[in-house]
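Sharing a structure here in structure tokens format.
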Amino acid sequence: MRVTRGQAALMLYQTAGRPAVSGEIPFTDIPEWCADAVTWAAEAGFVQGVGEERYEPNRLVSRQEFALILYRGAGSPDPYAYTLKDFADQGAVSGWARDAVRWCVGSGLLNGKDDKRLAPRDTIIVAEAALMLQRAEKSDPPEEESGVQAVSSLAEIKSCLRKAMTDAEQPPVFDIRALEGSTDPEIDVRNLYYALLSEQPELKYAYALDVEQGADARLTCTFSFMPYRTGNYPAGFAGERVSSLTELIAAARAGLDAPDSAQIRITDRSLTVDDMNKALQQVGGSYILCQLNADGTAITYTPLNSLSYAEALDRLRDIDTLADMVLASTVDGAMTARERAEALYTYVTENVRYDQRYYSDPAAMPYDSRTAYGALRDHLAICGGYAQAVQILFQKAGIPCYTVSGSLHGEYHMWDIAYLDGEWMYFDATADRGRAGYWFNYFSVDATQLAGYEWDRGWVQRLT
């Protein structure tokens, strides 16, 4: 005997012990024999009408429709722990019934036919429906789902997201039925994520967040974490091992000629994304921008100033050649490190003029004036050119050197820090230009002597 919609409601009602019904019949086409059953089943959430206050009690019920009736009555629980992959006709399940069928199969309420078919569109017979009801009645009441957290405010969600990002773990699924103060939870949660990245930039290893709101008032948030923070590198991943900012800089320099293969495996979980990207600015001479890729497994190389990559690389090679020429004419093997530093610093401060167009006519100032290329070829530069010229000359002379970006009396400025005589000391060739005859104010000075300078001292300490 096949089951109609009226009979389905009656079977549910009888299984529940025929509870008292006080509400009005919600539909206009209900016969007396199933009036109480349909009224109760509708109030309990098992069944719905078909439009225009009709129920169509004599319409036959398919196997997937009966699964949907039980699924609704159970409160539409999360079905995503279950799968239909073992059934050959899983594709025949209608989209509107797929969650219900998955849950009924996973909960043991619905079995397939003997030939491994669900036959979801077949009309359900009384024996099948009764067996599903019997299984549902005998099954243990569902425990509170693990991994689901009810929230009533965006502040609660933000706190959970912060903890998940800090621990590099996925947050719980949020039950947002009681959430207040949000008209679009998906957008609001993404904004919470961006706010957390702004408040705590060290969490940028959580580089993406996917937010999905289900029909059951559940909000699922899934972070994408950089593998260096979780250790979850793909099997067989072969990247250059990087355990410090200096090793990252070395890896970036080594990859300039083959940028498509500059994969890295960061092994120090304490490194931050901002520190690493800032360190990568030491490479490329302002002609190539080096950055981590989205998941931190490679270094990307982007040519600047409208150059092609080949043109940018040629410019770096020209800088390298110009620096070699300066070294050949300025230092010799008998000099101490300090003597080499003094000779090269003197060369820059005496031979490079400041490009005053930076103040008088910025649009007319060539981009090269911001780089070592302008300083060494044209002998004309602003602070970036001075600092990068000192950097490459010191490095070629065996003196570790990095540029430092910050401000001087509130205006953007760049200078250097170099390792000389066993100490990291600061150098500002821009400020010392033309002072060789009087000695320098900013040659090998410590931080206390940089009055009016502002910079990220913590980053410099982590770099050096």
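Just so it is clear, none of the values below were taken in a lab; they were calculated from the coordinates. Computed from a predicted model, the values in this text were never measured in an experiment. Counting neighbours? That spans all protein chains shown, and the Cβs are built from the backbone with ideal geometry, glycine included.
May I ask you to sort Thr230, Thr183 by Cβ crowding, counting other Cβ atoms within 10 Å and putting the fewest first? It would help to have the intermediate numbers written out before the result.
Values: Thr230 13, Thr183 6.
Fewest-to-most Cβ neighbours within 10 Å comes out as Thr183, Thr230.
Of [x] 221; [y] 199; [z] 253, which one was derived for volume of the Cα convex hull per residue in Å³ from the structure shown?
It is the one labelled [x].
Relative to the Cα centre, what is the charge dipole magnitude of the chain, using +1 at the beta carbon of each Lys and Arg, -1 at the beta carbon of each Asp and Glu, and rounding to the nearest 20 debye?
Numbers: 42 positive and 65 negative charges, 147 e Å.
Roughly 700 debye, rounded to the nearest 20.
Something else: Report, to two decimal places, the Cα Rg of region 284-394 normalised by 2.2 N^0.38 Å (N = number of residues). Write out the running numbers ahead of the final one.
Values: Rg = 15.6 Å, N = 111, 2.2 N^0.38 = 13.2 Å.
Ratio of Cα Rg to 2.2 N^0.38 Å: 1.18.
To the nearest 20 debye, what is the magnitude of the charge dipole of region 148-225 about its Cα centre, counting +1 on the Cβ of each Lys and Arg and -1 on the Cβ of each Asp and Glu?
Values: 7 positive and 13 negative charges, 27 e Å.
My answer is approximately 140 debye.
I'd like the Kirkwood hydrodynamic radius of region 1-152, using the inverse of the mean 1/r over distinct C-alpha pairs, in Å. Could the numbers behind the result be given before it?
Numbers: mean 1/r = 0.0618 Å⁻¹.
Result for region 1-152, one decimal place: 16.2 Å.
Going by average Cβ neighbours within 10 Å, how do the peptides 159-172, 231-244 rank, with the highest at the top?
Details: 159-172: 16.6, 231-244: 12.4.
The densest-packed peptide leads the list: 159-172, 231-244.
Just the ratio, please: alpha-carbon radius of gyration of region 309-463 over 2.2 N^0.38 Å, N its number of residues. Intermediate results must be reported in sequence, preceding the final value.
Working: Rg = 15.0 Å, N = 155, 2.2 N^0.38 = 15.0 Å.
After normalising by residue count via 2.2 N^0.38 Å, the value is 1.00.
May I pose another question? Distance between Cα centroids, region 57-124 to region 372-436: provide it in whole Å.
When both Cα centres are located, 71 Å separates them.
Of the peptides 271-281, 408-418, how do they stack up when ordered by the mean number of other Cβ atoms within 10 Å, highest first? Write out the running numbers ahead of the final one.
Working: 271-281: 18.9, 408-418: 17.4.
Packing proxy ranking, top to bottom: 271-281, 408-418.
Got a sec? Charge dipole of the chain, +1 on Cβ for Lys and Arg, -1 for Asp and Glu; which of Ala294, Ala451, Val50 is way out at the positive end?
Val50
Here's something else I'd like to know. Could you check what % of the DSSP bridge pairs in the chain are antiparallel, to the nearest 5? Don't skip to the end; give the middle numbers.
Working: 37 of 45 bridges.
Close to 80 percent.
Region 395-443: D in µm²/s via Stokes-Einstein (Kirkwood Rh, Cα pairs, 20 °C, 1.002 mPa s)? Please list the in-between numbers first.
Numbers: Rh = 11.8 Å.
It comes out at roughly 181 µm²/s.
Okay, next question. Based on alpha-carbon centroids, what's the gap between region 202-220 and region 1-43 in Å, whole number please?
Here the two parts' Cα centres lie 41 Å apart.
Further question on the same structure: Tell me, what are the semi-axes, in whole angstrom and largest first, of the equivalent ellipsoid of region 148-225 as set by the roots of 5 times the Cα gyration tensor eigenvalues?
Values: eigenvalues 79, 30, 23 Å².
Working from the Cα gyration tensor, I get semi-axes of 20, 12, 11 Å.
Ok, one more. Using every Cα-Cα pair within region 1-83, state what percent have a distance larger than 15 Å. Kindly include the intermediate steps, with their values, before the conclusion.
Numbers: 1899 of 3403 pairs.
When every Cα pair of region 1-83 is considered, 56 percent fall beyond 15 Å.
What is the spread of the Cα atoms of region 235-303 along each of their three principal axes, largest first, in whole Å?
Per principal axis, max minus min of the Cα coordinates gives 33, 23, 19 Å.
To continue, here is another question. What lysines does Lys204 reach when the alpha-carbon gap must be under 21 Å and sequence neighbours fewer than 8 apart in one chain are set aside?
Filter leaves Lys158, Lys163, Lys278.
OK, next. Treating cross-link reach as a plain straight distance, find the lysines whose alpha-carbon is under 25 Å from the alpha-carbon of Lys116, omitting any fewer than eight places away in the same chain.
Reachable lysines: Lys85, Lys138.
Next question. Just order 91-102, 253-264, 21-32, 60-71 by mean Cβ neighbour count inside 10 Å, highest at the front, would you? If you can, show how the numbers build up before the last one.
Values: 91-102: 17.1, 253-264: 15.3, 21-32: 13.0, 60-71: 22.7.
The densest-packed peptide leads the list: 60-71, 91-102, 253-264, 21-32.
Additional query: Toward the positive end of the charge dipole of the chain, about the Cα centre and with charges on Cβ (Lys, Arg +1; Asp, Glu -1), which of Ala387, Ala37, Ala343 goes farthest?
Ala37
Report, in debye and to the nearest 20, how large the dipole of region 264-423 comes out about its Cα centre when Lys and Arg carry +1 and Asp and Glu carry -1 on their Cβ. Show your work: numbers first, answer last.
Working: 12 positive and 21 negative charges, 43 e Å.
Magnitude of the dipole: close to 200 debye.
Still on this structure: By count of other Cβ within 10 Å, fewest leading, how are Phe225, Phe427 ordered? Don't jump to the answer; show the numbers that get you there.
Details: Phe225 21, Phe427 28.
Ranking Phe225, Phe427 by Cβ neighbours within 10 Å, fewest first, gives Phe225, Phe427.
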